[in-house]
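The values are calculated or read from the model by the stated rules, or taken from the named source; none is laboratory data. Computed from a predicted model, the values in this text were never measured in an experiment. Neighbour counts are summed over all protein chains in view; Cβ atoms, including those assigned to glycine, are modelled from backbone coordinates with ideal geometry. Ligands, DNA and RNA are excluded from the accessible area calculation, which covers all protein heavy atoms including side chains. Shrake-Rupley method; radii C 1.70, N 1.55, O 1.52, S 1.80 Å.
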Amino acid sequence: ITQDELAEKIEISKQALFNYENNKRQIPIDTLSRIAKIFKIHISDFFIENNTLKKIPIISKVSAGLGTFGIDDILDWLKLPVNIAKKADFATLIDGDSMEPKIEDGSLVLVRQNSILDNGDIGIFYLNEEVFCKKFSKDPFTNIITLKSLNKDYKPITIKENDDFRVIGKVVGAFDYNI
């Protein structure tokens with residue numbers, strides 16, 4: 001396959017492909033996924049020769065919506081280049097559209113386990129036997145914690161004193177796992 005043919009098949013310009021090949025620009029994960037699909041290989045095959053892969057578990061699903069029952073089952077293992085997954089402890093699939101447009105339904109998010117988040121961080125939260133992906137907000141005066149959606153169709157969730165609540169981790173990356 002020629003460079004021109006490949007650029008056309010993955011729907012990018014020839015100049016963009018040239019820049020990726022010559023390390024002038026970093027190739028986006030979705031473009032790399034399309035290339036892997038054309039050549040019928042797994043995306044991790046691009047990184048095997050570097051021997052810098054990190055294997056992290058994909059753990060159940062997380063709701064970006066109205067809540068998903070929290071289960072810690074490992075569904076699969078994900079091998080990613082260390083430079084992409086260096087701060088991720090695990091990955092999980094997003095079920096719902098409350099974090100769109102930033103995190104789409106069906107996306108795979110990379111999560112760093114962490115109990116401290118800053119205002120505005122997107123995190124994974126356990127709340128009363130359900131698990132959510134939301135934007136973290138804590139009022140510095142009242143210490144009231146609110147979990148917010150990016151999609152305006154969803155109301156914020158205010159954490160009450162008697163809720164069983166904990167921060168599971170911070171979302172450090174997201175990509176479309178269904179490509």
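Computed from the C-beta positions of residue 52 and residue 4 and an R0 of 30 Å, the FRET efficiency is 0.45 to the nearest 0.05. Can you tell which of 19, 119, 128 shows the greatest fluctuation in a Gaussian network model of the chain with Cα springs below 10 Å? Judging by the Gaussian network model, the answer is 19.
How about residue 37: which lysines have a C-alpha closer than 18 Å to its C-alpha, ignoring those fewer than 8 places off in the same chain? By straight Cα distance, residue 37 reaches 9, 79. If you take the beta carbon distance between residue 40 and residue 16 as r and set R0 to 22 Å, what does 1/(1 + (r/R0)^6) give as a FRET efficiency, to the nearest 0.05? In this case the efficiency is close to 0.45.
Helix-derived [θ] at 222 nm for the chain: sum -39500 (n - 2.57) over DSSP H runs of at least 4, divide by residue count, nearest 500?
Taking each H run of at least 4 residues, the total per residue is -4000 deg cm²/dmol.
Per residue, the convex hull spanned by the Cα atoms of the chain measures out at 133 cubic angstrom. For a straight C-alpha distance cut-off of 15 angstrom, the aspartates and glutamates reachable from residue 170 (same-chain residues fewer than eight places away being disregarded) are 89, 118, 121. Cross-link reach is defined here as a Cα-Cα straight distance under 19 Å, omitting same-chain residues fewer than 8 places apart; for residue 155 the lysines meeting it are 102, 134, 135, 138. The residues of the chain present an accessible area of 61 Å² per residue when probed at 1.4 Å with all protein chains retained. Surface composition of the chain: carbon and sulfur atoms hold 47% of the protein heavy-atom accessible area at a 1.4 Å probe. For residue 121, the residues whose modelled amide H falls within less than 5 Å of its own, excluding neighbours fewer than 5 places apart on the same chain, are 136. Using only the alpha-carbon atoms, how far is helix 29-38 inclined from the longest principal axis of the chain? Give it as 0 to 90 degrees, nearest 10. For 29-38 against the chain, the angle is about 50 degrees.
Its relative contact order, with pairs defined as Cα atoms under 8 Å and 6+ residues apart, puts the stretch 95-174 at 39 percent. For the pair the stretch 134-179 / the stretch 1-63, the C-alpha centres are spaced 31 Å from each other.
Across the stretch 159-168, rounded Karplus estimates of 3J(HN,Hα) from the backbone phi angles (6.51 cos²θ - 1.76 cosθ + 1.60, θ = phi - 60°) give 7, 9, 4, 8, 6, 8, 10, 7, 7, 8 Hz, Gly and Pro being marked x. With contacts taken as Cα pairs under 8 Å and at least 6 residues apart, the chain reaches a relative contact order of 19 percent.
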